[in-house]
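Novice: Got a structure for you, written out below as structure tokens; questions coming shortly.
Readers should treat all values here as calculations from the given coordinates under stated rules, not as data from a laboratory. Since this is a predicted model, take the numbers as computed values, not measurements. Cβ placement follows ideal geometry from the backbone for every residue including glycine, while neighbour counts extend to all protein chains displayed.
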Amino acid sequence: MKIKEILSAQRTISFEFFPPREADGVAGVIDVVQGLRRFNPDFVSVTYGAGGGTRAFTEEITMRLQRETDLNVMAHLTCVAQSRGEVHGVLERLADAGIENVIALRGDRPQNSASLELGDDEFPHATDLIDHIRHHFDFGIAGACYPEGHTESASMDSDVGYARLKQDLGAEFLITQLFYDNAFYYDLRERAAAAGITVPVIPGILPILSTPQIRRFTSLCGATIPADLDAQLERFADDNRAVREIGIEQAARQAEDLWANGVPGIHFYVLNRTYSVSRILRNLNLPGHNDGA
Ligand SMILES: Cc1cc2nc3c(=O)[nH]c(=O)nc-3n(C[C@H](O)[C@H](O)[C@H](O)COP(=O)(O)OP(=O)(O)OC[C@H]3O[C@@H](n4cnc5c(N)ncnc54)[C@H](O)[C@@H]3O)c2cc1C
């Protein structure tokens, strides 16, 4: 089913999983996804390795989830460091497998990429990929957007302007980058509305699991950690169990506030660690997304 149709009927809960580094990890990821089925997600997805190494595993897991479960599966696809023909080929395989939804992304050029320059035959931006998909396929299309602005953006205005272009070219909803202060999301929502964005903007939440990991993630994607949260993370930097509890409390508070403020859905970056997301969803206690525990 197209996710756009689900969003027009109800608010969604969705989960994003991570591909394994090695082929023998594929079955384990499928098990992790199965473990969260009891929360009845409206759709699930698997991050696509723009760097290259894990792309095949993402495709394999996405197709297996489509074939072997009744879950609504959204494929991630990045266009960086791949030719248009290669990207088109992936889209054909996804369509043949019956996948109905794709989140179209640019991705980040791998550090070890032979060329740091845009290739002649690459889609330069997610907007170009969205345009291509709209003209050649019948997928429901999503795009990414950034509550704190994308790291390469000239300004917050230009960033939201490109989010608007994603909508104009065919994106039916947007999912945000992670953030730890809901004020950034509410500000984006206002700026998006002012820029004429009418499609749902689903907030993405990543429950913190470890201090070094979240510092690495946020520095890569340009998100900030509020000072009081950062102080707690610093204090328990050597105690991952304590940090996981801090992460659960933070994400539960964020999710509760977002839901109360009318978000169209919440997308959880699960990172294949189901414990935190399970606790957060039990805390939210949403009809239809409660495992009864
Ligand atoms: C929900 C979500 C899911 C993600 N999934 C993955 C994944 O599966 N795999 C992965 O590798 N990465 C993923 N990412 C990370 C993403 O690939 C990076 O953030 C990347 O740097 C930008 O991707 P984009 O699709 O937003 O690119 P773009 O939309 O192309 O934006 C990149 C930059 O270019 C600007 N821009 C956009 N369009 C144009 C245009 N037409 N002309 C000029 N400038 C433009 C933007 O403002 C921005 O500064 C995800 C991010 C989010 C928020």
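Novice: Normalised by the empirical 2.2 N^0.38 Å for globular proteins, what value does the Cα Rg of the stretch 1-86 take?
Specialist: 1.13
Novice: Turning to a different aspect of this structure: Anyone know which of Val87, Val277, Val201 comes out most mobile in the 10 Å Cα GNM of the chain?
Specialist: Val87
Novice: At a 10 angstrom cut-off on C-beta neighbours, averaged per residue, how do the peptides 123-129, 224-230 rank from highest to lowest?
Specialist: Most protected by this proxy first, the peptides run 123-129, 224-230.
Novice: If N is the number of residues in the stretch 122-263, what value comes out of its Cα radius of gyration divided by 2.2 N^0.38 Å? Can you show the working numbers first?
Specialist: Numbers: Rg = 16.7 Å, N = 142, 2.2 N^0.38 = 14.5 Å.
Compactness ratio reported: 1.15.
Novice: Sorting check: for 280-289, 180-189, which peptide has the highest mean count of neighbouring beta carbons within 10 Å, and how do the rest follow?
Specialist: Packing proxy ranking, top to bottom: 180-189, 280-289.
Novice: Out of the GluC sites (Glu not before Pro) in the stretch 1-69, which ones are loop residues according to DSSP with at most 12 other C-beta atoms within 10 Å?
Specialist: Those that pass, being in a loop and sparsely packed, are Glu22.
Novice: With the contact rule set at Cα under 8 Å and sequence spacing of 6 or more, what percent relative contact order holds for the chain?
Specialist: Values: 503 pairs, mean separation 58.4, N = 293.
With pairs under 8 Å counted, the relative contact order is 20 percent.
Novice: May I ask you to compute the full-extension gain from Arg282 to Glu5, defined as 0.36 nm times their residue separation minus their alpha-carbon distance, rounded to one decimal in nm?
Specialist: Result: 97.1 nm gained on full extension.
Novice: For the stretch 43-116, what is the convex hull volume of its Cα atoms per residue in Å³?
Specialist: 75
Novice: Take the chain, compute every pairwise Cα distance, and split them into 5 Å bins from 0; I just need the percent in each bin.
Specialist: With a bin width of 5 Å, the distribution comes to 1, 5, 12, 16, 19, 19, 15, 9, 3, 1, 0.
Novice: Figure the gain on full extension for Ser83 and Glu234 (residue separation times 0.36 nm, minus the Cα-Cα span) and round it to one decimal in nm.
Specialist: Gain in length upon complete extension: 50.1 nm.
Novice: Based on the Cα atoms of the stretch 231-293, what semi-axes does the equivalent ellipsoid have, where each is the square root of 5 times one gyration tensor eigenvalue, given in whole Å with the largest first?
Specialist: Calculated on Cα positions only, the semi-axes equal 23, 14, 10 Å.
Novice: Along the principal axes of its C-alpha atoms, what lengths does the stretch 110-161 span, in descending order and rounded to whole Å?
Specialist: On the principal axes, the stretch 110-161 reaches 31, 31, 15 Å in Cα extent.
Novice: With the crude spin-label approximation of a point 7 Å out along Cα→Cβ, what separation in nm comes out for Arg241 versus Arg216?
Specialist: Using points 7 Å along Cα→Cβ, the separation is 2.3 nm.
Novice: Further question on the same structure: Classify the stretch 140-179 as rounded, prolate or oblate from the Cα gyration tensor: take a ≥ b ≥ c as the square roots of its eigenvalues, call it rounded if a/c is under 1.5, otherwise prolate when a/b beats b/c and oblate if not. Let's see the in-between values first.
Specialist: Values: a/c = 2.98, a/b = 1.43, b/c = 2.09.
Taking the square roots of the gyration eigenvalues as a ≥ b ≥ c, the stretch 140-179 is oblate.
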